[in-house]
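> Dropping the structure in here first, questions after.
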Amino acid sequence: MKVLVLGKGGREHALVYACSKSRLVDKIYAAPGNVGMEPLAELVELRDDDVKGLTEFAKAKQIDLTIVGPESSLSLGVVDAFQAEGLKIFGPSKDAAQVETSKDFAKRIMKKYHIPTAAYQTFDNYEDALAYVEEKGAPIVIKEDGLKAGKGVTVAESLEEAVEALKIAFAIEHNRVVIEECLRGFEFSLMSFVCNDIVIPMEIAQDHKCAYDGDKGPNTGGMGVYSPVKKITPDIVEEAMEKVMKPMAKAMVAEGHPFTGFLYGGLMLTDDGVKTIEFNARFGDPEAEVILPRLESDFVEVILDVMAGKTMTLKWSDKVRLGVVLASTNYPASSTQDALIEGVEDVDGLVFHMGTKMKDGKLLTAGGRVLLLTEEGATLEEAYDKAYTEIKKIKSDSLFYRSDIGKKDMVD
């Protein structure tokens, strides 16, 4: 088979890695891909938002399967365009991708189908939103409605913080916000392979969203991750599947928005059981970088079987994987370009490229989140020790990382 992966970040690097292990795959293309993928895939000089160019490329190369990485491509209707040309592609239609591209859309479906989530209201103007926040008080969660690349969410611990978030949100013309009660508990990610009402769960991961140790600082696209998560027992996973993931897939079919692709459930284990923080229409990043290396089933075969309406039980490594993101200084406020990175080739472990480029034979920064290093161990503690030993080999004046990834799950 010839497989095309759309996207250029760490998630897409992990998707390419998973495809490279498939017995079904002879050739992998990545559009546009990144320098870290080059040993595994042929890079294609097409932007992942060039729907017309990507469709024409897939037709010309007779691509057997395309796998979509970024939500931005989904929001532009790349799946619809490929399907119109009879091309096999794994990802939701533009319509179904609203589960991520509109937080209000997702919340309305959850409310209608009694999928547990935080109480909420949606607002399209500052005055009404402010009145609601003042009525409810803090802590409270402010979410901008559209695509925000894992950001655009403020967990406001004070009324002042909430008001500031509203001012920022409504400074953008035609913006809407979803204001939610603040859920408290243990957060985790549950992703599934989905086609209509078939839902095949993956292993649990926990992402670390805040920029700095101790969950301090601004929200980011994710600073580190580990899988599995021992606090999330099989019983809790079953509850999440039966009350959240399967009902959402069925609801999407019932509402005329059948979903195919990676359905991401951002979930919270609360004192009242599992509740939904959000859904995404694609693989999580950085979750992909630890979940996919643990998958022992044939990744591409699983996708094809799910699309053919088959169910299966996935096989996983029993090792723990922990991944640490190296991000640009001042991320997420700003990113660096062209800062030198050294020592990646000395790392004994998997390194996924998130925002890098090569110039004159030197590896340079080219984004906010730059690299993710992941190690495995028999225990979380062993994976942690290995990752933080190896990460010291990567040298750059313009990168930082959290030093406490996975620590919350080490406390009994």
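The values are calculated or read from the model by the stated rules, or taken from the named source; none is laboratory data. Just so we're clear, the structure is a prediction, and the values are computed from it rather than from any experiment. Positions of Cβ are backbone-derived with ideal geometry, glycine not excepted, and every protein chain shown enters the neighbour counts. The area values use the complete protein model at the heavy-atom level, side chains included, leaving out ligands, DNA and RNA. Shrake-Rupley method; radii C 1.70, N 1.55, O 1.52, S 1.80 Å.
> Can you tell me how much longer the chain between Glu382 and Tyr126 gets when fully stretched, taken as 0.36 nm per residue apart minus their C-alpha distance, in nm with one decimal?
87.3 nm
> So how do Lys167, Lys107 rank on accessible area, 1.4 Å probe, biggest first, that is with the largest at the start? Kindly include the intermediate steps, with their values, before the conclusion.
Details: Lys167 115, Lys107 5 Å².
Descending accessible area places them as Lys167, Lys107.
> Also, quick follow-up: Between the stretch 131-209 and the stretch 1-49, what is the separation of their alpha carbon centroids in Å?
After rounding, the separation between the Cα centres reads 30 Å.
> Assuming 0.36 nm per residue, please report the length gained on full extension of the stretch Leu40 to Asn196 beyond their Cα-Cα distance. Working shown, then result.
Numbers: separation 156, 0.36 × 156 = 56.16 nm, distance 3.12 nm.
Working it through step by step, the gained length comes to 53.0 nm.
> Then there's this: Given R₀ = 41 Å, what would the calculated FRET efficiency be for Lys112 paired with Leu340, taking r from the Cβ atoms and rounding to 0.05?
Numbers: r = 53 Å, r/R0 = 1.28.
So, using R0 = 41 Å, E works out to roughly 0.20.
> With r as the distance between the Cβ atoms of Lys357 and Glu56 and R0 = 22 Å, compute the FRET efficiency 1/(1 + (r/R0)^6) and round to 0.05. Write out the running numbers ahead of the final one.
On the way: r = 26 Å, r/R0 = 1.17.
Result of the calculation: an efficiency of 0.30.
> If you don't mind, another one. Tell me the label-point distance for the pair Glu238, Lys392, using the 7 Å Cα-to-Cβ offset, in nm and rounded to one decimal.
Calculated label separation equals 4.4 nm.
> Let me ask another. By what distance, in whole Å, do the Cα atoms of the stretch 25-81 stretch along each of the three principal axes, largest value first?
For the stretch 25-81, the Cα extents along the three principal axes come out at 30, 22, 18 Å.
> For the residue pair His174 and Ser317, what label-to-label distance in nm results when each label sits 7 Å from Cα along the Cα-to-beta-carbon direction?
Each label point is offset 7 Å from its Cα along the Cβ direction, giving 4.6 nm.
> Taking the dipole about the Cα centre of the stretch 123-180, with the C-beta of Lys and Arg at +1 and of Asp and Glu at -1, give me whichever of Ile172, Gly152, Leu130 is farthest to the positive side.
Among Ile172, Gly152, Leu130, the one farthest towards the positive end of the dipole of the stretch 123-180 is Gly152.
> Run a plain Debye calculation on the stretch 48-200 (Cα atoms as equal point scatterers, no solvent) and give log10 I(q)/I(0) at q = 0.14 Å⁻¹, rounded to two decimals, same order as the q list.
-0.80
> Could you check the simple spin-label distance between Ser297 and Ala84, using points 7 Å along Cα→Cβ, in nm with one decimal?
3.3 nm
> Right, here's the next one. Return the subset of Lys21/Lys52; Lys111/Lys275; Lys107/Lys250 for which the Cα-Cα distance in this structure is over 20 Å, preserving the input order. If you can, show how the numbers build up before the last one.
Working: Lys21/Lys52 29 Å; Lys111/Lys275 12 Å; Lys107/Lys250 15 Å.
Check vs 20 Å cut-off fails for Lys21/Lys52.
> Restricting to Cα pairs below 8 Å that are 6+ residues apart, what does the relative contact order work out to for the chain? Please round to a whole percent.
Details: 956 pairs, mean separation 66.6, N = 412.
Dividing the mean separation by the residue count of the chain yields 16 percent.
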